[in-house]
1. Can you name the condition, by its number, that GLY16 falls short on among (1) at pLDDT below 90; (2) in contact with an Asp or Glu (Cβ under 9 Å, 6 or more places away or on another chain)?
2. Could you check the range 94-104 and list, in sequence order, the residues that are over 15 Å from SER83 (Cβ atoms), under 14 Å from the mean Cα position of the chain (by Cα) and in contact (Cβ under 8 Å) with a residue 12 or more places away in the chain?
3. Mind listing whichever residues of the range 14-50 are within 20 Å of VAL103 (Cβ to Cβ), among the basic types (Lys, Arg) and assigned to a helix (DSSP H, G or I)?
4. Taking interchain pairs and intrachain pairs at least six residues apart, which have beta carbon atoms under 6 angstrom, with the first residue in the range 17-40 and within 14 Å of ALA82 (Cα to Cα) and the second assigned to a helix (DSSP H, G or I) and among the aliphatic types (A, V, I, L, M)?
5. Scan the range 39-98 residue by residue and report those that are in contact with a helix residue (DSSP H, G or I) (Cβ under 7 Å, 6 or more places away or on another chain) and at pLDDT below 90.
6. What is the number of the single condition among (1) free of Cβ contacts under 8 Å to residues at least 12 places away in the same chain; (2) at negative phi; (3) surrounded by fewer than 12 Cβ atoms within 10 Å (Cβ to Cβ) that GLY115 does not meet?
7. Limited to the range 118-135, what total is found for residues that are over 19 Å from ILE38 (Cβ atoms) and either surrounded by fewer than 13 Cβ atoms within 10 Å (Cβ to Cβ) or at pLDDT 95 or above (or both)?
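The values are calculated or read from the model by the stated rules, or taken from the named source; none is laboratory data. Everything numeric in this text was worked out from a predicted model, so none of it was measured. Backbone-built Cβ (ideal geometry, glycine too); neighbour counts: all protein chains shown.
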Amino acid sequence: MAELMGPIKALRRLFGRYVDFDGRSGRAAYAWAMLGLIGITTGFAFWLRTRTPAISVTSIFASDIIFVVMFLTYAVLAVPYASLHVRRYRDAGLTPWLLVVTVVAPLIALALESGVAYVDFTAYTLLLVNLFLGSLPSKRIYAF
């Protein structure tokens, strides 16, 4: 029977193999890691929403600190999540070059043209396609 992958083990494996772009990653490891990333993003969104809405020097400084912390967090998480995506796509039998279309292009589009309805819709749709492709079943490897 296969060993179950829990959230702690999945995140430990994510950071233990953070520069390993070879090999394969299962759906459970991918799902728990993506759930962790969604939790981090939700936490930052909540933090941004609850900061003081008054315009003052301290609130502007606080929002700058939030964005610096967000940038540093996502910069640290970029390589582990990129390697996880490459391994997961390979495990599902897909070429990792699809990540350029399903992750890189939407993030660039959101950074450059955020707020334009059709750009946002297309970018978020491609990110959802990425989640769907990452959840495809693993391809079996046959050794002779």
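1. (2)
2. THR102
3. Initially, the range 14-50 is screened for residues within 20 Å of VAL103 (Cβ to Cβ), giving 14-15, 17-27, 29-42, 44-45.
Remaining after also requiring among the basic types (Lys, Arg): 17, 24, 27.
Selection gives ARG27 alone.
4. Partner pairs satisfying both residue conditions: TYR18/VAL79; PHE21/VAL86; SER25/LEU84; ALA29/ALA10; ALA33/ALA10; ALA33/LEU14; ALA33/LEU84.
5. Correct list: PHE44, TRP47, LEU48, ARG51, THR52, ILE66, MET70.
6. Status for GLY115: all satisfied but (2).
7. 2
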